[in-house]
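One structure is given below, encoded as structure tokens.
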Amino acid sequence: MARISKRVGVVLFQLGGPESLAAVEPFLYNLFCDPDIIDFPFARLGRRALAKLISKTRAKKASEHYASIGGSPIRRFTEQQAAALEARLMLDGVDARCVVAMRYWHPFTAEAVAQLQEAQTDQVVLLPLYPQYSSTTTGSSLNEWQRRWTGTVPVSCVSPFYRNPTYIASVVERIDEALARFPHPSSVPLVFSAHSVPVSVIEKGDPYQQQIEETVALVMEQGGWCNSNHHRLCYQSKVGASRWLEPSLHQTLRQLASEKRSEVCIVPISFVSDHVETLAEIDHHAREEARALGIERFEMTLGLNDSPTFIQALAESVIATIGESGAQVQEKANYQERETAAVSMLAD
């Protein structure tokens, strides 16, 4: 493509994670203080107290998870993605400066804003590293951006990229790598595991579940494996007593065991890098559970991390977004409302 003369700042949004055990409780406090996560009548009065209680209660168990993987690697992987994306964009003729904005731990969004101001960018492209949209992830990150950004340069936002064929190809690559570790790949059940969200979020019109299901369908179509009759979708990482999307990963493993399955390949489908939900929750705890249930062979696909194919997908998304109007940020922040209106129109 032709070289773009203006300097483009690209903000990679992620949730973040504690890099030390001392950071676990404050990280959880930030998470549960988020109004896009914890919301109820008069929440502004009680949210901080509730967040303090939840974070203190959950800190010990969460610390065990993080200790088992040596602390969260999500910052390291996300910064590697940012560096690889910047290099890819430079090759494509874009004078890019890629920075990381974590939602609940360093580097926070405010730190990313300061980096962009120092880099003196002419335009900003927001890149949520969530392939599928949810108000609890992309929505929350964009809301925090709106609170922190005071610049005057044009800002545009990358749309959810779960339909991007290159992104789908990057997932297919990881599945092919994992299946190659089995003696008979065509008979191995594929279990796609996505981060769960409360059912109440979906009932308000959040498109996350529909987009996850569509992602799985696109991956299976592009992969063309003989395992098409053996794949299933489940959800993980439930918090609290309210109803969340199901079936859970635990339920799915028990179902596989009841079917006398001895092998399984887990595909983390809503995640773009390895972190506690994949390395501890799936590759450690779910692996142990599967073994106890009699599932002898357990494999998990490697995170996309800085896979060249995945980085190419991100670059395509950024380049397609360059030139769009700054008004798109607010438009994307209201994505949930637009989806809800569209569903209502179809229902009518």
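With the structure loaded, tell me whether Ala110 is within 30 Å of Lys204 (Cα to Cα), small (Gly, Ala, Ser), open to solvent by 30 Å² or more (accessible area, probe 1.4 Å) and modelled with pLDDT of 95 or more or whether it fails that test.
Working: within 30 Å of Lys204 (Cα to Cα): yes; small (Gly, Ala, Ser): yes; open to solvent by 30 Å² or more (accessible area, probe 1.4 Å): yes; modelled with pLDDT of 95 or more: yes.
Judged against the criteria, Ala110 is a match.
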*Taking the stretch 231-273, which residues are crowded, with 21+ Cβ neighbours inside 10 Å and in contact with a Leu (Cβ under 7 Å, 6 or more places away or on another chain)?*
Cys234, Tyr235, Gln236, Leu253, Val264, Cys265, Val267, Val272, Ser273
*Mind checking which residues of the stretch 206-230 are within 11 Å of Tyr162 (Cα to Cα), touching a Leu at 6+ places or on another chain (Cβ under 8 Å) and open to solvent by less than 40 Å² (accessible area, probe 1.4 Å)?*
Ile212, Val216
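Just to be sure, is Tyr130 aromatic (Phe, Trp, Tyr), without any contact (Cβ under 8 Å) to a residue 60 or more places away in the chain and in contact with a Phe, Trp or Tyr (Cβ under 9 Å, 6 or more places away or on another chain)?
Details: aromatic (Phe, Trp, Tyr): yes; without any contact (Cβ under 8 Å) to a residue 60 or more places away in the chain: no; in contact with a Phe, Trp or Tyr (Cβ under 9 Å, 6 or more places away or on another chain): yes.
So Tyr130 does not fit the description; no.
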*Return only the number of the condition from (1) open to solvent by less than 30 Å² (accessible area, probe 1.4 Å); (2) assigned to a helix (DSSP H, G or I) that Phe161 does not satisfy.*
(2)
*Any chance you could count how many residues in the stretch 90-114 are more than 22 Å from Phe161 (Cβ to Cβ) and either without any contact (Cβ under 8 Å) to a residue 24 or more places away in the chain or aromatic (Phe, Trp, Tyr) (or both)?*
5
_Flag if Val153 is within 25 Å of Ala286 (Cα to Cα), open to solvent by less than 50 Å² (accessible area, probe 1.4 Å) and of a type outside the set (Phe, Trp, Tyr)_ = no
_Sole residue being in contact (Cβ under 8 Å) with a residue 24 or more places away in the chain, in contact with a His (Cβ under 9 Å, 6 or more places away or on another chain) and hydrophobic (A, V, I, L, M, F, W, C), chosen from Ile74, Ile54_ = Ile74
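The values are calculated or read from the model by the stated rules, or taken from the named source; none is laboratory data. Being a predicted model, the structure only gives us computed values, none of them experimental. Cβ sites come from the backbone with ideal geometry, for glycine too, and all protein chains shown count toward neighbours. Surface areas here come from the heavy atoms of the whole protein model, side chains and all, with no ligands, DNA or RNA. Shrake-Rupley method; radii C 1.70, N 1.55, O 1.52, S 1.80 Å.
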